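Chemist: Take this structure first; my questions come after.
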Amino acid sequence: MSDATEASEPAEPTGSDEGGAGGRRVRVVLVDDHRMFRTGVQAEIGRTDITGVEVVGEAADVDQAVTVITTARPEVVLLDVHLPGGGGLEVLRRCSPLMADAENPVRFLALSVSDAAEDVIGVIRGGARGYVTKTITGTDLVDSIFRVQEGDAVFSPRLAGFVLDAFASTDAPPVDEDLDRLTQREREVLRLIARGYAYKEIAKQLYISVKTVESHVSAVLRKLQLSNRHELTRWATARRLV
């Protein structure tokens with residue numbers, strides 16, 4: 001469900017730097033493969049005179065993201081974890097020199113529907129400064145953006161525990177070969193199925209069609225050699241994925 005190229009040119013400064021957010025200003029790039037979601041975020045946080053947030057570019061996949069981030073040099077990037085072309089981790093890897101710029105670092109804040117521990121830990125290890133889920137309010141998202149701009153680490157409630165546990169442990173997590181067979185999107189669908197969501201609810205939450213949900217469920221059952229969603233739920237529960 002990816003869009004055609006959405007990378008936009010850096011916006012020219014408009015008006016005074018005084019305005020919303022106590023006169024603070026931050027330049028932001030939105031990276032998400034769902035046009036409707038980007039439009040919603042833009043409408044919610046992009047009223048610069050009120051929020052202090054100036055959206056200077058958008059991208060729908062990894063290549064677009066790297067191009068627009070490199071061109072626009074925003075202060076903060078709102079980054080979805082699951083993107084066509086390699087995912088958010090690939091964007092972080094390719095933008096690592098920008099993150100390492102001592103004078104004008106580009107900082108990343110993950111904004112995702114996923115609250116899976118491996119997604120949170122993965123992007124933080126990749127260099128993101130925080131991770132919030134798409135249930136966040138517009139006001140809290142603006143606050144999180146400014147905090148990341150200032151160098152703070154920001155997490156949605158309960159996600160910080162994943163990071164603390166991961167970095168406190170000296171042992172590498174065990175490899176689950178069965179889970180590794182699944183794509184990131186299949187893992188998302190698996191968790192929602194195991195939590196009791198109906199196909200229509202999953203489609204709405206992940207911005208995909210019901211038919212696509214059915215295809216993902218079939219793929220998960222085949223790869224895990226399971227017969228139905230009840231077995232799938234037991235499998236996920238036994239691995240604490242729910």
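The values are calculated or read from the model by the stated rules, or taken from the named source; none is laboratory data. Predicted, not measured: the structure shown is a model, and the values here were computed from it. As a convention, Cβ positions derive from the backbone with ideal geometry for all residues, glycine included, and neighbour counts pool all protein chains shown. With ligands, DNA and RNA removed, areas are computed over all heavy atoms of the protein, side chains included. Shrake-Rupley method; radii C 1.70, N 1.55, O 1.52, S 1.80 Å.
Chemist: For the stretch 97-117, which residues satisfy the criterion of being more than 13 Å from Val76 (Cβ to Cβ) and free of Cβ contacts under 8 Å to residues at least 40 places away in the same chain?
Modeler: Of everything in the stretch 97-117, those that are more than 13 Å from Val76 (Cβ to Cβ) and free of Cβ contacts under 8 Å to residues at least 40 places away in the same chain turn out to be Pro97, Ala100, Asp101, Ala102, Glu103, Ser112.
Chemist: OK, next. Are there any pairs, at least 6 apart or on different chains, whose C-beta atoms fall under 9 Å, with the first in the stretch 229-242 and at pLDDT below 80 and the second in a loop (DSSP other than H, G, I, E, B) and open to solvent by less than 80 Å² (accessible area, probe 1.4 Å), and if so, which?
Modeler: From residues that are at pLDDT below 80, the pairs are Arg239/Asp176; Leu241/Ala116.
Chemist: Right, here's the next one. What are the residues in the stretch 192-216 that are surrounded by fewer than 17 Cβ atoms within 10 Å (Cβ to Cβ), modelled with pLDDT under 90 and within 19 Å of Leu83 (Cβ to Cβ), if any?
Modeler: Gln205, Tyr207
Chemist: Does Val142 qualify as being of a type in the set (Val, Ile, Thr), open to solvent by less than 10 Å² (accessible area, probe 1.4 Å), touching a residue at least 12 places away in the same chain (Cβ under 8 Å) and not in a loop (DSSP other than H, G, I, E, B)?
Modeler: Taking the combined requirement at face value, the residue does not satisfy it.
Chemist: With (1) among the β-branched types (Val, Ile, Thr); (2) open to solvent by less than 30 Å² (accessible area, probe 1.4 Å); (3) free of Cβ contacts under 8 Å to residues at least 40 places away in the same chain as the list, and Val123 as the residue in question, which single condition is left unmet?
Modeler: Only one criterion is unmet by Val123, namely (3).
Chemist: I've got another one for you. Name the helices (runs of 4 or more DSSP H) wholly within the stretch 23-72 that hold at least 3 residues that are at positive phi and at pLDDT below 95?
Modeler: Fully inside the stretch 23-72 and qualifying: nothing.
Conditions tested, residue by residue: (1) open to solvent by less than 40 Å² (accessible area, probe 1.4 Å); (2) under 19 Å from Val148 (Cα atoms); (3) touching a residue at least 40 places away in the same chain (Cβ under 8 Å).
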| position | (1), (2), (3) |
| --- | --- |
| His34 | yes, no, yes |
| Val41 | yes, yes, yes |
| Glu44 | no, yes, yes |
| Thr48 | yes, yes, no |
| Val56 | yes, yes, yes |
| Glu75 | no, yes, yes |
| Glu90 | no, no, no |
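Chemist: Sticking with this one: Could you go through the stretch 95-108 and let me know if any residue there is acidic (Asp, Glu) and either assigned to a helix (DSSP H, G or I) or within 11 Å of Val31 (Cβ to Cβ) (or both).
Modeler: No, because not a single residue in the stretch 95-108 is acidic (Asp, Glu) and either assigned to a helix (DSSP H, G or I) or within 11 Å of Val31 (Cβ to Cβ) (or both).
Chemist: Can you tell me which residue within the stretch 169-189, out of those that are of a type in the set (A, V, I, L, M) and either at pLDDT below 85 or within 18 Å of Ile121 (Cβ to Cβ) (or both), is most open to solvent (accessible area, probe 1.4 Å)?
Modeler: Val175
Chemist: Kindly indicate whether any position in the stretch 128-138 is closer than 28 Å to Ile208 by Cα, surrounded by fewer than 21 Cβ atoms within 10 Å (Cβ to Cβ) and either touching a Gly at 6+ places or on another chain (Cβ under 7 Å) or of a type outside the set (Val, Ile, Thr) (or both).
Modeler: Yes, the stretch 128-138 contains a residue that is closer than 28 Å to Ile208 by Cα, surrounded by fewer than 21 Cβ atoms within 10 Å (Cβ to Cβ) and either touching a Gly at 6+ places or on another chain (Cβ under 7 Å) or of a type outside the set (Val, Ile, Thr) (or both).
Chemist: Test each condition in (1) over 26 Å from Thr135 (Cα atoms); (2) open to solvent by less than 80 Å² (accessible area, probe 1.4 Å); (3) in a helix (DSSP H, G or I) for His230 and report the one that comes out false.
Modeler: His230 satisfies all of (1) over 26 Å from Thr135 (Cα atoms); (2) open to solvent by less than 80 Å² (accessible area, probe 1.4 Å); (3) in a helix (DSSP H, G or I) except (2).
Chemist: State all residues of the stretch 99-120 that are among the aliphatic types (A, V, I, L, M) and open to solvent by less than 20 Å² (accessible area, probe 1.4 Å); if no residue qualifies, say none.
Modeler: Val106, Leu109, Ala110, Leu111, Ala116, Val120
Chemist: Would you mind telling me which numbered condition in (1) in a loop (DSSP other than H, G, I, E, B); (2) of a type outside the set (A, V, I, L, M, F, W, C); (3) under 15 Å from Gln184 (Cα atoms); (4) open to solvent by less than 10 Å² (accessible area, probe 1.4 Å) Pro84 fails?
Modeler: For Pro84, the failing item is (4).
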